[in-house]
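The values are calculated or read from the model by the stated rules, or taken from the named source; none is laboratory data. Quick caveat: nothing in here was measured; it's all calculated off a predicted structure. Quick reminder, even Gly has a Cβ in these numbers, built from the backbone with ideal geometry, and neighbours come from all protein chains shown. Keep in mind that these areas ignore ligands, DNA and RNA; they rest on the heavy atoms of the full protein, side chains included. Shrake-Rupley method; radii C 1.70, N 1.55, O 1.52, S 1.80 Å.
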Amino acid sequence: MKILLESLTAIALAASACGFAQAQAKPPSHGVSAGMSGSDVSGQVRLVEGKSGKATRDRSGVVFWLEPASGIKPTGLTSNRTMYRMVQHNKQFEPHLLVVPLGSVVAFPNLDPWFHNVFSLYRGKRFDLGLYEAGAQKAVRFDRPGASYIFCNIHPEMMAVVLALDTRFYAVSNSFGDWSIPNVPPGRYKLHVWYENATPETLNALESELAIGSDHAVVRKMTVVFTPHNWLHHPNLYGHQYDPKGLTPTY
């Protein structure tokens, strides 16, 4: 029998991104190893554009994660040291959103025939990989929790996010708005929610404390109201406007 948790409906003002990478048919999930038993925590999110009041067809890109309400991290959960990849291809970062455990290394291979420069100076991990040519690859260890907004110093249309979380229990909503976190041990947890460019006040309003038992736990549908944002006019690495040639096909 499913345990129906207390209704969680939150309305938040956030800024949407320039298109999230295509979601999988099933909700992606991340958790502890298959040898550890626990409950599945799942739910559904609905995205509504604030100005028009219309619900979006694509509900992907909302991140959910659980942390113990006590603030004490559980023992015996070893970090997955897989090398993650965010490729540069067709003057885009792929995927647009990458969620990784804290301390993970992310490689940034250049698969384009042009030079690229990968940097992040806003929130999360601050770095500048410098200019590098086609076929080259550089990497960054994301050892600071939170969202790092990734840009290229040559091509202003290139933007992505790496979200580093200090937990193994997280999931990203798919295009249908479904999400699922498997194998969560019984206990009390804080449910955190992240959506691109949301303010700290917005994220705090979405937090909730959950009691997880031995059965599948379902969180009722959450509604997030957002405001579209165009990242194309962001400043470059040095705080200046981009060279207009960066938008030409051969540059």
Original post:
In a shell of Cβ-Cβ distance under 13 Å around Val162, excluding Val162 itself, what net charge do Lys and Arg (+1) and Asp and Glu (-1) give?
Top reply: +3
**OP:** For Val184, list long-range residues whose amide hydrogen, built 1.01 Å from N in the peptide plane, is under 5 Å from its own amide hydrogen.
**Re:** Ser39, Asp40, Val41
Subject >> Surface share of carbon and sulfur [accessible, 1.4 angstrom probe, percent] for the range 45-177 >> reply: 51
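Cα-Cα over 23 Å: which of Lys125/Lys221; Lys91/Lys138; Lys73/Lys221?
On the way: Lys125/Lys221 32 Å; Lys91/Lys138 17 Å; Lys73/Lys221 27 Å.
The pairs that break the limit, which is 23 Å between Cα atoms, are Lys125/Lys221; Lys73/Lys221.
At 0.36 nm per residue, minus the direct Cα-Cα distance, what do His234 and Asp215 gain on full extension? Give it in nm, one decimal, please. Before the final figure, lay out the partial values.
Working: separation 19, 0.36 × 19 = 6.84 nm, distance 4.62 nm.
Net length gain for the segment: 2.2 nm.
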Original post:
How big is the equivalent ellipsoid of the range 129-183 along its three axes, where each semi-axis is √(5λ) from the Cα gyration tensor, reported in whole Å from largest to smallest?
Top reply: 28, 16, 11
Original post:
If each of Ser70 and Leu121 carries a label point 7 Å out from its Cα toward its Cβ, how far apart are those two points in nm?
Top reply: 4.4
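DSSP loop (so not H, G, I, E, B), at most 14 other Cβ within 10 Å: list which GluC sites (Glu not before Pro) in the range 201-244 pass both filters.
The qualifying sites are Glu207.
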Original post:
Around Phe226, what is the net charge, scoring Lys/Arg as +1 and Asp/Glu as -1 over all other residues with Cβ under 15 Å from its Cβ?
Top reply: +1
Original post:
Given H placed on each backbone N at 1.01 Å, which residues far from Ile150 in sequence or on other chains put an amide H within less than 5 Å of it?
Top reply: Ala160, Val161, Val162
Original post:
Short version: ³J(HN,Hα) in whole Hz for each residue of the range 231-241, in order, from phi by Karplus 6.51 cos²θ - 1.76 cosθ + 1.60 (θ = phi - 60°), x for Gly and Pro, what are they?
Top reply: 7, 4, 9, 6, x, 7, 4, 9, x, 10, 6
